[in-house]
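Where a number appears in this text, it was derived from the coordinates with a stated rule and is not lab data. Just so it is clear, the model here is predicted, and its values are computed rather than measured. Quick reminder, even Gly has a Cβ in these numbers, built from the backbone with ideal geometry, and neighbours come from all protein chains shown.
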Amino acid sequence: MSVESVVGVMWRHFALGFSALLPLVNPLGSALVILGLVGIQPAAEYKTLARKIAINMALFLAVVELVGSYVLEFFGISLSIVQFAGGMVVAAIGWSVLNQKDAASAAEDANAQMAGRGVSSHDESRAFYPLTFPVTAGPGCIVVMLALSAHASEKTISENVGAHIGLMLAVVLLSVLVYVCYAYAPQIARAVSPSTAHGILRVIAFILLCIGVQIAWNGLEALIKPLMSARS
């Protein structure tokens, strides 16, 4: 296989992975959620926490992409089941965010609870759970990465290499966006009015709810379609 073809496969999977994961990761919208969960902290602390979350997300998605399909095969779990269960979890997260207090109030409450305690003494222990998973990279990302990995594995050896490199590049770029948005979450929040931030968060939460329902429906449809075919 020519080098040009491998590069083409790489960039095609990069575009596919980035476009599929971006709405789920949603760095800008998730930054407002992180601000509400962490509270108002010094800029240096936010940058430290953002770096940890970005690295955690990159490693987490890389592991899912490389070994996720083998883990499912080992436990005998189908992709349809993962879609259905993961979609319900994503929908539940969207519903909870949709009904929580606005970002400004949540940030004040979090700041009051963590008074006298910086990110280094409280939130670094939560850098992976729940700030990386499921807030930043939730079950929807796992489902998407599993699907993309399975699709990439249906190629020749050369195409496999190019496809996996493309997916990893997409994950790295998303991690960079996550770092930038999370590191400057307080500045982003100050750049928009509280009412605007509140509205944006609600719209994002509703979209997340819809994404979860759609993922769950795709899994359920794949599960019931053989049953309907058997009955007909």
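Among Ser149, Ser80, Ser96, the residue with the largest mean-square fluctuation in a Gaussian network model of the chain, with springs joining Cα atoms closer than 10 Å, is Ser96.
By the combined test of axial Cα extent (at least 30 Å) and Kyte-Doolittle hydropathy (mean at least 1.0), the qualifying DSSP H helices of the chain come to 3-25, 43-75, 157-183, 194-231.
Compared with the direct C-alpha span, the chain from Phe206 to Ala150 gains 17.3 nm at full extension, assuming 0.36 nm per residue. Within the listed set Asn56, Asn99, Asn160, the Gaussian network model of the chain (springs between alpha-carbon atoms below 10 Å) gives the highest mean-square fluctuation for Asn99.
Mean residue ellipticity, 222 nm, helices only, the chain: the sum of -39500 (n - 2.57) across DSSP H runs of n ≥ 4, divided by residue count and rounded to 500, is -28000 deg cm²/dmol.
Take the Cα of Met228, step 7 Å toward its Cβ, do the same at Lys47, and the gap between the two points is 5.4 nm. Extension gain, Ala15-Ile81: 0.36 nm per intervening residue step, less the Cα-Cα distance, totals 21.2 nm. Debye sum, Cα scatterers, the chain, no solvent: what log₁₀ I/I(0) at q = 0.11, 0.16, 0.18 1/Å? Result of the Debye calculation: -0.60, -1.11, -1.29. With contacts taken as Cα pairs under 8 Å at a separation of at least 6 residues, the chain carries a relative contact order of 47 percent.
To the nearest 20 debye, what charge dipole does the chain have about its Cα centre, counting +1 at the Cβ of each Lys and Arg and -1 at the Cβ of each Asp and Glu?
Roughly 220 debye for the chain.
Among Ala185, Ala31, Ala15, the residue with the largest mean-square fluctuation in a Gaussian network model of the chain, with springs joining Cα atoms closer than 10 Å, is Ala15.
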